[in-house]
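The values are calculated or read from the model by the stated rules, or taken from the named source; none is laboratory data. Because the structure is predicted, anything quoted here is derived from the model rather than measured. Positions of Cβ are backbone-derived with ideal geometry, glycine not excepted, and every protein chain shown enters the neighbour counts.
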Amino acid sequence: MEIMMSAQLEEIYRQVQSKNPGEGEFHQAVQEVLHSLGPVLTRYPEFSELRIIERICEPERQFIFRVPWQDDQGRVQINRGFRVGFNSALGPYKGGIRFHPSVSLGIIKFLGFEQIFKNALTGMSIGGGKGGSDFDPKGKSNHEIMRFCQSFMTGLARHLGEHTDVPAGDIGVGGREIGYLFGQYKRLTNRYELGVLTGKGVGWGGSRVRTEATGYGTVYFMREMLKARRDTLEGKICLVSGSGNVAIYIIEKLQQLGAKVIACSDSNGVIVHEQGIDLSLVKRLKEVERRRIADYAHYHPNARYVAGGNIWEIPCQIAFPAATQNEIQENDALMLIRNGCVAVGEGANMPTTPEGVHQFLQAGLAYGPSKAANGGGVATSAMEMQQNASRDFWSFEFTEKKLEEIMIRIHDSVSETAEEFGVPGNYVVGANIHGFLKVARAMEAHGLI
Ligand code: GLU
């Protein structure tokens, strides 16, 4: 279904494009939200008067800083660091840090913009932000990673704080990096301020289930979408792109719930294993030995490695894009539909292009957009902040139960909003409107700031 934007929204979008030239992914994220907001402005004209949408599209603050460091050969390296505090209507800026050579201001702004609505949907008190660097962790030694993290935090620390801005991980930033970042923050500020970062080690202030949360949450969201269609995960053939933290714990929960994952990937190629992916091997290769997924095939003669392959060509019933933005293009979406795929749950942020999303909605798939489907990660980060604030430490079972309840709540509120606005089953519109209304109401209450 094609929803046209009103002249007013078109004008807002045009302004965003001209004020933020060359930031294609940011434009894309904004356009997707604006597409959903027409009926909201008709129902709540006060938001137009207050220019809430224009204000949401303008980050509250943005920092760009130099990150110099020395590699193991003693050579000087220079990277660029970013942190965007996008919106703090609902709480301190909250969102991950991404280390990847593709990182630019536009990428960080798209991620920060998405984070505003995702975080609002969790129902927790967290605003939206994002940060990162064009640093490429691939092939770097542990020492180089540590020196880079220390320099990055030296540039960023003055802007952070448990009530101000609370980063976590994203692509290229996991438990090891959060440890180095926390150590440097502590040293610079002379404070053991646990709540300033999430995704910490479980032995020193981290929350149980945070590592698993994004993946597990995505699967819970999928289970709820299927339940709404009187279907289950039992026996479903699934594809999970990527093989990082999100992909690994999507696979784990799918296997626990009786689904079968037959392929995963990394940026070099695809592993197809019809008997079902051997998760303990993926964990060892990626989490412990930090190797490429190609090596999987050395251990399983029945598995096939396709260098440069496209995972979406493999027939499946459910697809979980869990690698990166825009990994499902229109052709991939059409191929998935043609091959009998009935549902898509987004573990990565904005992994489907607008044309791809259009195809999924047209074909009537159960399509869970990232800002709803992958909110379990940041929701568990908010639970980590809760535990840090109360100096408490919850059990795995208790925390996972809470995560499950949050995902059910996100699903139900998004689905009810879609119904209320006349597009039942459209989780894109439901998520955008529900998230927007929470943020808009708080901004209205806080006055013109
Ligand atoms: N990077 C994750 C996301 O995209 C998690 C952010 C967080 O835990 O703050 O939501």
- Looking at region 333-355, which of its residues are surrounded by fewer than 24 Cβ atoms within 10 Å (Cβ to Cβ), part of a helix (DSSP H, G or I) and touching a residue at least 12 places away in the same chain (Cβ under 8 Å)? LEU334, MET335, ILE337, PRO354, GLU355
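Given the structure, is VAL270 assigned to a strand (DSSP E or B) and modelled with pLDDT of 95 or more?
Working: assigned to a strand (DSSP E or B): yes; modelled with pLDDT of 95 or more: yes.
Taking the combined requirement at face value, the residue satisfies it.
Let's see how each residue does on (1) outside any helix (DSSP H, G or I); (2) over 22 Å from GLY201 (Cβ atoms); (3) away from the ligand (no atom under 16 Å from the Cβ):
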| site | (1), (2), (3) |
| --- | --- |
| GLY106 | no, yes, yes |
| GLN115 | no, yes, no |
| GLY131 | yes, no, no |
| LYS140 | yes, no, yes |
| ARG147 | no, no, yes |
| GLN150 | no, no, yes |
| ARG158 | no, yes, yes |
- Query: Is it true that LEU90 is at pLDDT 95 or above, in contact with a Ser or Thr (Cβ under 9 Å, 6 or more places away or on another chain) and either more than 11 Å from the ligand (Cβ to nearest atom) or part of a helix (DSSP H, G or I) (or both)?
  - Reply: yes
- Note on the structure: Of (1) crowded, with 17+ Cβ neighbours inside 10 Å; (2) in a loop (DSSP other than H, G, I, E, B); (3) in contact (Cβ under 8 Å) with a residue 60 or more places away in the chain, ILE56 satisfies every one except (2)
- Message: Anything in region 164-210 that is β-branched (Val, Ile, Thr), part of a helix (DSSP H, G or I) and away from the ligand (no atom under 11 Å from the Cβ)? List them, or say none.
- Response: THR189, VAL196, VAL202
- Message: Would you confirm, using the coordinates I've provided, whether VAL378 is touching a His at 6+ places or on another chain (Cβ under 6 Å) and among the hydrophobic types (A, V, I, L, M, F, W, C)?
- Response: no
- Query: MET383 is checked against (1) away from the ligand (no atom under 16 Å from the Cβ); (2) more than 30 Å from HIS35 (Cβ to Cβ) and fails just one. What number does that condition carry?
  - Reply: (1)
- What about GLY74, is it surrounded by fewer than 14 Cβ atoms within 10 Å (Cβ to Cβ), more than 22 Å from the chain's Cα centre (by Cα) and without any contact (Cβ under 8 Å) to a residue 60 or more places away in the chain? yes
